[in-house]
1. Gain in length, residue 27 to residue 60, computed as 0.36 nm per residue apart minus the alpha-carbon separation, to one decimal in nm?
2. Sequence-distant or interchain residues sharing an amide H contact under 5 Å with residue 78, placed H: which?
3. Give me the dipole magnitude in Debye, nearest 20, for region 199-278 about the Cα centre, with unit charges on the beta carbon: positive for Lys and Arg, negative for Asp and Glu.
4. Please give the contour-minus-distance gain from residue 222 to residue 207: 0.36 nm per residue of separation, less the Cα-Cα distance, rounded to one decimal in nm.
5. For the pair residue 134 and residue 189, how long in nm is the line joining their label points, each one 7 Å along Cα→Cβ?
6. With a point put 7 Å past each Cα toward its Cβ, work out how far residue 100 is from residue 47 in nm, to one decimal.
7. I want the local charge near residue 105. Using Cβ-Cβ distances under 15 Å, sum +1 for each Lys or Arg and -1 for each Asp or Glu among the other residues.
8. Note down the magnitude of the dipole of region 28-196 about its Cα centre, charges +1 on Lys and Arg C-beta and -1 on Asp and Glu C-beta and zero elsewhere, to the nearest 20 debye.
Amino acid sequence: MSPLPHAFRLGLGAALVAASLASSSSAQETVTLQPKALRNWDLVLPAPAKREVAGGISVAHGGTFAALTEGDVLRADLDGDGVMEALVEGETGFLTLSAASASGAEYRYSVRLEHQPFQPWTWTTGGGMAGEIAGTPVLFLDQNLDGDYADFGADAMVIGKDHAASFLSRVVSVNGSLYSIELSADGSNLSYAPYTGPSGTLDLLSSFQSKAKLDAAIVVSADASYSFSLARARDGLLVPAGEYRLYSGRLALGESSAAISAGSSKAILVSAGQRAEPVWGGPVRAEFAVQRSGESVAFAPWDIWFYGSLGEEYANFLPLGESPLFTVKERATGESLIYARFPGNC
């Protein structure tokens, strides 16, 4: 067969490029998101924030909604017209604020209100923007309370029926597939397309040691571009390859719970095509501050810090059964000075 004429080869190449671009474009999906109020709040946020109500609640894309306190009562404007239609009494409240956005569409933003004794009223997120990725429900939350939803690594998101939110991530894991996402600042539109970079599996459950239930576990990539919730991923979760660290989490046992934070946790490397199963949780070690006076040594439950085997830190930690045995040693000689337990759980 004779070679193709040069001009024809150029034309064929251009056609192939055009076909490739068309294929890439068709792979991208755009979804319109809708406001969703969460009056019965049960989400765990990785970095919840709150702000004082002061003279009003100001959010991007919606403007400032006036508010006024009268003793223990809060009055608030619900639609930005300056008239304070809402009256909130007690220690908590919930409002959905609405106004016309810059595009003329209705903008709705829900907030939860709190009033502790002798403290000013505060507000925090009470809802988000909801839609679907590949048929799975997703919810985006303005975690940092600036009114924008597209602050990657600062805002939050929930995939499916999970009640633990991760940070807003540039790549999401949905039903065994990865998607790159883009989100409009006002949260009205979402675009997603298949992620084509290297990936591996991260499993935080197989080598986790605890008698309590892992209720939440959030990891963040080294550059904060990716974040995932893994407490419900029993078979592990497909994630972009790279280095991750445990950011936050929660243990639950009956009515008790313990908060998990990064502490001095080690990095978790997820290699392309590989499975990472870091060992973490128990056994837990404790570090505590002591006060020494002569031959007496004193320390208290609130001067103790608990760390798991990965270096993660636990707060509000209540071990089952009797208190752990604490040993105070002389640093220079290693001599044990005292053994002690707290009465009951510590």
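Just so it is clear, none of the values below were taken in a lab; they were calculated from the coordinates. Bear in mind that the values here come from a model prediction, so they are computed numbers and not experimental data. Note that each Cβ is placed from the backbone with ideal geometry, even for glycine, and that neighbours are counted across all protein chains shown.
1. Contour length minus the Cα-Cα distance gives 8.7 nm.
2. 85, 86
3. In debye, rounded to 20, region 199-278 gives about 160.
4. 3.2 nm
5. The answer from the label model is 2.3 nm.
6. Placing both labels 7 Å along Cα→Cβ, they lie 3.6 nm apart.
7. -2
8. 400 debye
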